Amino acid sequence: MTTLLAALALATVPPSIPAPAPERPAATPPTQAPSDLAAIPATPAAPIAIVAVQPFTIAQPYTHRFRKDGSEFATGHLIVLRAEAGLVQPRQIAEPVLCVGSQTAERLWSDPAKGLIVAIVPAWTERTADGTERSGDPAADLVYFATPELPERVDAAWIAAERARAEAALAGGTLRKAASRKVVRHARLDAASQDALITRAAELLPDPSIR
Amino acid sequence: MRHPGGPGPLTGYLWMTMRLTHVRAAGAVAAALLSTTLANAQCPGDLDASGAVDGADLAVLLGAWGCSGSCPGDLSNDGFVDGTDLGLMLAAWGACPPSSPAAEVPLAAVSLAAWPWASWVDTFNSNGSVGIAIDPAQFPDAAGRAALLWVIEDRSPAEWAANAALSDARPAGPQSITCPSGSLQGNVISLNVSGLVAGNGDAPARGYDLVVDLDQDGTLSPGDLIDGRDGGAGFWWTKDIAALGPYTTAQIASYDVNDADIIDSMELERVYYPINAPGLRPIVAISHGNGHNYAWYDYLGNHLASWGFVVMSHQNDTVPGIASATVTTVEHTESFIDQHATMGGGVLAGKVDVDRIAWIGHSRGGESVTYGYDRLFDGTFTSPSYGLADIRCVIAIAPTDFLGTASANPHAVPYMLLYGAADGDVCGCPDSDIADSFNLYERAAGLRHSTYVHGADHNDFNCCGINDFAGPTGTAIGSTAAQSVAKASILAMIRRSMFDDRAMEEFLWRQNESLRAIGQSSTITVVREFKPSPSTGSPIDDFQANTATTVSTSGGAVNATGVTNLIEALANDANTTFTWVTTDPWNGSVRNRTTDSSRAGVFDWTAAGSITWSVPASLADFSKPRALSFRAAQGTRHPNTTAALGDLDLTVTLTDTNGLERSIRIGTLGGGIEEPYQRSGFGTGAVGWQAEFETVRILLGDLKSGGGTFDLSSVATVTFRVGGADGSAQGRLLIDDLILEN
């Protein structure tokens, strides 16, 4: 028995670590594969089009987390936008902050393949030329992608500065306002809760990340 | 033995105690005296350990006659030196019987292609084999002798003390061997592993002790060799840690925690758990990244659940930012602890260990778990359900670094970074600190490990994210391969952190060429860093103090000869490209912000040269620490790096105070310092990406191979020799953390 086992032991190769491969001359740099993650366009940038707008009320207000000075809101708009992929694709580094007038939008989700994004815009007011105030309207007011940043870190002053940049670009012809001629205006939604609001948003644009 | 988790090695059959003892010596002098007791434990009566019971011993006994208390000569241990003890001594009169116990020595090993011919590691994959390296020079009594090689289920020191009978775990019983004579080269014996069982319940590895039974009497007896008696195991026989574990798993697909502290749209969790696993099960919480989904980590949830963990993956509020995501991380953890007993109809009731929690986060979620720990550390978040000590480890997969030094800070929690070299999102780019995951790793002040995977992109670590691969054509490894690496390394890290599982630790520091999960393809390049807790190591030079290049952290002189451009400073790429320019010596080291503090050294060479560290006397004893380790990375796109591509090799030489040397080529241990991933962008010309620090851990026991008079207990210098006959002909090397590890 022991002789047999000794023979077995000899027949088996003990574990070993291979010697390192020799170094080789550097060749022509290898071809690089392009990433499907589109580069972020220069900002300010505008959506291609406003696809849909739906005003809402919500019985249980919640805090707007997409600006540092956000407060609770009970009214606003659900919006669906079409934009180029680099503005729509979620990414880990800072994304262009989606703004509507003087308000930031809550990005819910996007469908990069279709270039669509759905968002919640809490109600805000715009000051008119005669000094009066009116309610903001995503289908009429300036919608723009501002400098990449975490929305939770921006405040009114930051938004004002970004808006000024966007308006200057608009005036200078380097920014074109999003098309809104074909916008679908849905009737006001009176939602009981945030969950209900999001359920409705999913009807406007299903969340493609849900399997 | 090399098992830091177990008790220290036995002191052998002699021990010496020096103590101040109050004695009453019969008729004589002292009320108090300094006594030295030197005794042979195997030969009672041999009070002076001379190997015989003789007149000298009798003199000692008589000198203590009448003594009470703790006295030399009290052979009966009854507190008195009297006639009983004299009788015992006379009965033992003469030469002591052979009393050398079996020697605790490392036996399990992998063979090496060059000196030291073997490395005495502990962990072996069960699809492979185990080497038995009996160094003839260290054990001349065994050289050339026939013996029986036994494999015994791991016993504790107490179990060995109580039972010296050998019982082989293999159906065929003990293996006949002939111990090598001459050199160890080519003489590593292959253990017959037929019938060995891998894994032990939740543990992927099963421990076995090894005995070389030289007298072939079937007992552990004097003169035999044993590996594994004094704590830990002789070797660990390991299942495939990239494959599912022993438990069948089930899932609670979607559960709404309905927690007032979590925004309504972020309240869902998915839970994976082992069915019929006994006892309480630790928690693993997963925080996804931006645009990701809590249901995208089934591969990880099922894997960890099959190894006995309860895994909860939750919606993570990443879009507003890291602070918002951190709220969902910490609050979901609390909600899960509070509600787990009622989830899924109560299937988890009484089965969750709420005191053992691991956090895993991906991308922005990787930063949110890190910031979550920081908030617990700072006290800006507290929970009635768990606290800082319950978070046993934090694992970040390609985390962002929005918050920077103060907040994206793991402090001293065991921390792991998993990162793909082809990440097209959190890219490790030089133009933005936000995309530099290694920043967080460098801040980790406790045990830490990184797994850097060539050819893996950001979304390879979930099921369904966009293809963001950015790297050389043909090098993409795909999600299946990337996830096999993730499953293995994450399991190893969690088990090391939660259970001090030393078998798994080797998967965190051994070169990938030397050890990887059975299910991981050998074609995947994985670069590993590992640094133990600072409390278990002594830096010779970690470049954090004594900032001149001529003085090490430990205060010794540093002498560089023949190498060029040696500097030490904050290891921070200071411009926005990866193109090599002399004004940016830390090119590629995207591992620090300017507010961070991780310093390192860097130098280059085109001819033979060396850097020598003088070892202070306080650190000179290398015979007790387990390893000498350092980390190094090739300089990104430096002409010396790109002149010849490949793993970079060098020689590490120890010189003792007698001027004798021991040298080891690091390539012998498995590949050397990894060739940089050949990714382009952020510059022109040569390619190469961020600095890939890799840990090299030289087991100091290996340096005893071949015997000789080299004095490991009195090391004067450590030298890195480069160029010429000592390694790669040219190169540029970032170096750090030259540490003696206990």
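Just so you know, all these numbers are worked out from the coordinates, no wet-lab data involved. Every value quoted in this text rests on a predicted model; they were computed, and no experiment measured them. Cβ: placed from backbone, ideal geometry, glycine included. Neighbour counts: every protein chain shown.
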Check B:VAL81: other-chain or 5+ apart residues with amide H under 5 Å from its amide H, H built from backbone geometry? B:GLY66, B:CYS67
Percent relative contact order of segment B:536-741, based on C-alpha pairs within less than 8 angstrom and at least six residues apart? 32
The size of the Cβ-based charge dipole (Lys, Arg +1; Asp, Glu -1) of the protein assembly as shown about the Cα centre, to the nearest 20 debye, is 1920
How much net charge surrounds B:TYR415 when only other residues with a Cβ under 13 Å from its Cβ are counted (Lys, Arg +1; Asp, Glu -1)? +1
Folded to 0 to 90 degrees: helix A:2-11 orientation relative to chain A principal axis, Cα: 60
Run the dipole for segment B:536-741 about the Cα centre, Lys and Arg Cβ at +1, Asp and Glu Cβ at -1, nothing else charged, and hand back the magnitude in debye, nearest 20. 80
Round to a whole angstrom and tell me the spacing of the C-alpha centers of segment A:26-41 and segment B:535-605. 30
For B:THR595 and A:ALA38, extending 7 Å from Cα along the Cα-Cβ vector and measuring point to point gives, in nm, a value of 3.4
If I fit a long axis through the Cα atoms of helix A:156-172 and take the longest principal axis of the Cα atoms of chain A, what angle between them do I get, 0 to 90°, rounded to 10? 80
Defining a contact as two alpha carbons under 8 Å apart and six or more residues distant in sequence, what relative contact order in percent does chain A show? 27
Cα gyration tensor shape for the protein assembly as shown, rounded if a/c is under 1.5, else prolate or oblate: prolate
Taking the simple approach of a point 7 Å from Cα along Cα-to-Cβ for both B:ALA59 and B:ASN163, what is their distance in nm? 4.7
Can you tell me the relative contact order of chain B? Whole percent, Cα pairs under 8 Å, sequence separation 6 or more. 10
Scan chain B and note any complete DSSP helix (H) whose C-alpha atoms cover at least 18 Å along its axis and whose Kyte-Doolittle average is -0.5 or more. B:322-339, B:478-499
Of B:LYS351/B:LYS531; B:LYS351/B:LYS487; B:LYS239/B:LYS624; B:LYS239/B:LYS487; B:LYS487/B:LYS704, which sit over 25 Å apart, Cα to Cα? B:LYS351/B:LYS531; B:LYS239/B:LYS624; B:LYS487/B:LYS704
State the Cα centre-to-centre distance between segment B:108-144 and segment B:446-520 in whole Å. 28
Long-range amide H partners of B:ALA95 with built H, under 5 Å: B:VAL53
Put +1 on the Cβ of each Lys and Arg and -1 on the Cβ of each Asp and Glu in the protein assembly as shown; which of B:PRO534, A:VAL51, B:THR178 then has its Cα farthest toward the positive end of the dipole? A:VAL51
Hey, what angle do you get for helix A:194-204 against the long axis of chain A, alpha-carbon based, 0 to 90 degrees rounded to 10? 80
What net charge do the residues around A:PRO22 carry, taking every other residue with its C-beta under 14 Å from that of A:PRO22, with Lys and Arg at +1 and Asp and Glu at -1? -2
Near-label residues of segment A:29-52 by backbone N, under 13 Å of a point 7 Å along Cα→Cβ of A:THR174: A:42-46
Segment B:249-531 - charge dipole about Cα centre, Lys and Arg +1 at Cβ, Asp and Glu -1, debye rounded to 20: 1060
Describe numerically, in nm with one decimal, the distance between label points set 7 Å from Cα along Cα→Cβ at B:GLN544 and at A:ALA21. 3.7
Tell me the net charge near B:SER554. Cut-off is 12 Å between Cβ atoms, B:SER554 excluded, with +1 for each Lys or Arg and -1 for each Asp or Glu. -2
Just for chain B, what percent of DSSP beta bridges are antiparallel, to the closest 5? 75
Name the residue from B:THR653, B:LEU418, B:THR576 whose Cα lies farthest towards the positive end of the charge dipole of the protein assembly as shown, charges +1 on Cβ of Lys and Arg and -1 on Cβ of Asp and Glu. B:THR576
Could you tell me which of rounded, prolate or oblate describes chain B, using a ≥ b ≥ c as the square roots of the eigenvalues of the alpha-carbon gyration tensor, with rounded for a/c under 1.5 and, failing that, prolate when a/b is larger than b/c and oblate otherwise? prolate
Stretched out fully, how many nm does the piece from A:ALA187 to A:ARG165 gain, at 0.36 nm a residue minus the Cα gap? 4.6 nm
Along the charge dipole of segment B:249-531, pointing to its positive end and built from +1/-1 on Cβ of Lys, Arg, Asp and Glu, which listed residue (B:GLY519, B:TYR299, B:GLN315) has its Cα farthest out? B:GLY519
Give me the distance between the Cα centres of segment B:54-86 and segment B:642-711, rounded to whole Å. 58
Prolate/oblate/rounded label for segment B:103-238 (Cα gyration tensor, a/c 1.5): oblate
Built amide H within the under 5 Å cut-off of A:LEU108, gap 5+: A:VAL118, A:ALA119, A:ILE120
Determine the percent antiparallel among the DSSP beta bridges restricted to the protein assembly as shown, to the nearest 5. 80
